[in-house]
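Single-structure report; data block below.
The values are calculated or read from the model by the stated rules, or taken from the named source; none is laboratory data. On a predicted model such as this, the values are computed, not experimentally measured, just so you know. Heads up, the Cβs are rebuilt from the backbone with ideal geometry, glycines too, and the neighbour counts pull from every protein chain shown.
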Amino acid sequence: MKKIYSILAMLCFGAASLSAQSASDIQFVYINADGNETGVVADNAVITVNTVEGDPNDEFSDPFISSGLAIKNVAANGRRVQLEYEITAMPNGRHDICFFGTCLSDNQTGKQTYPRLSAKGNIIGLNALKAGSVTSLQAEWYFTAEGTTTVVYKANVCTATGETEDKVNPTYQVAAQGPTVTVNYVYGETGIDDVTIDNPVATEYYNMAGCRVEAPENGIYIERNVYANGKVATKKVVF
């Protein structure tokens, strides 16, 4: 009987541990060239980036456009994060992501994860984000011609399963999904019209801490526009 109680207690503890993880534990944030946080990205935001780094006219250069995004752990304790991303459009070049130093490169559309799933389909090799830490996605489009590349990023909070793969690598499971952000990487004139949308049906403002404000005053805010077709776009504005 004691063994049964022990097993039940362990199951309850595992369930409580799993439920303690929340999608609100992490958030996408904007960072500048120095890696400093400059604002919170609203969940399900659609953003456009077009700042070119490198010289497209230099044959020895490898020009790219950065997402300018990072993930912040706002929980009181460390969190292990898996990234899911879907490249829905990429007319040329490649998409690189180096979230924790190891870079993954894709030259075609499709769904991927960071890190990649193991050969057995397990989530392994997850690094932990310390409480309060901000870690750059280092997600970039290396283009070879004009166009628009679109990537949807989603961050998942994971917990250990208590098992290992091949008795070596701990395996993890997704405990909470979200948030999500869509990034349009735009180079040149081609594709700009594709991400231009008509007047919004609703507009919201958030301060740089991610809190919604009804009447923005002097300062920098994130403007969140909702459109009739269901798309959401955000941008920084100054009042």
Among the residues of region 143-170, the number that are surrounded by 19 or more Cβ atoms within 10 Å (Cβ to Cβ) and either under 30 Å from residue 56 (Cβ atoms) or over 20 Å from the mean Cα position of the chain (by Cα) (or both) is 7
Of the residues in region 21-46, those that are surrounded by 14 or more Cβ atoms within 10 Å (Cβ to Cβ), among the hydrophobic types (A, V, I, L, M, F, W, C) and either over 20 Å from residue 177 (Cα atoms) or more than 17 Å from the chain's Cα centre (by Cα) (or both) come to 31
Quick check on my filter: what residues within region 78-107 are at pLDDT below 95 and of a type in the set (S, T, N, Q)? 102
Criterion violated by residue 88 - all others in (1) under 15 Å from residue 48 (Cα atoms); (2) over 16 Å from the mean Cα position of the chain (by Cα); (3) among the hydroxyl-bearing types (Ser, Thr, Tyr) satisfied: (2)
Where in region 30-148 are there strands (runs of 3 or more DSSP E), lying wholly inside it, with at least 1 residues that are touching a Ser or Thr at 6+ places or on another chain (Cβ under 7 Å)? 45-49, 64-66, 69-73, 79-89, 94-97, 139-142
Condition first: more than 22 Å from residue 233 (Cβ to Cβ), in a strand (DSSP E or B) and among the charged types (D, E, K, R). Now tell me which residues in region 149-178 satisfy that. 163, 165
Only one of these is touching a residue at least 24 places away in the same chain (Cβ under 8 Å), farther than 20 Å from residue 165 by Cβ and surrounded by 14 or more Cβ atoms within 10 Å (Cβ to Cβ): 118, 67. Name it. 67
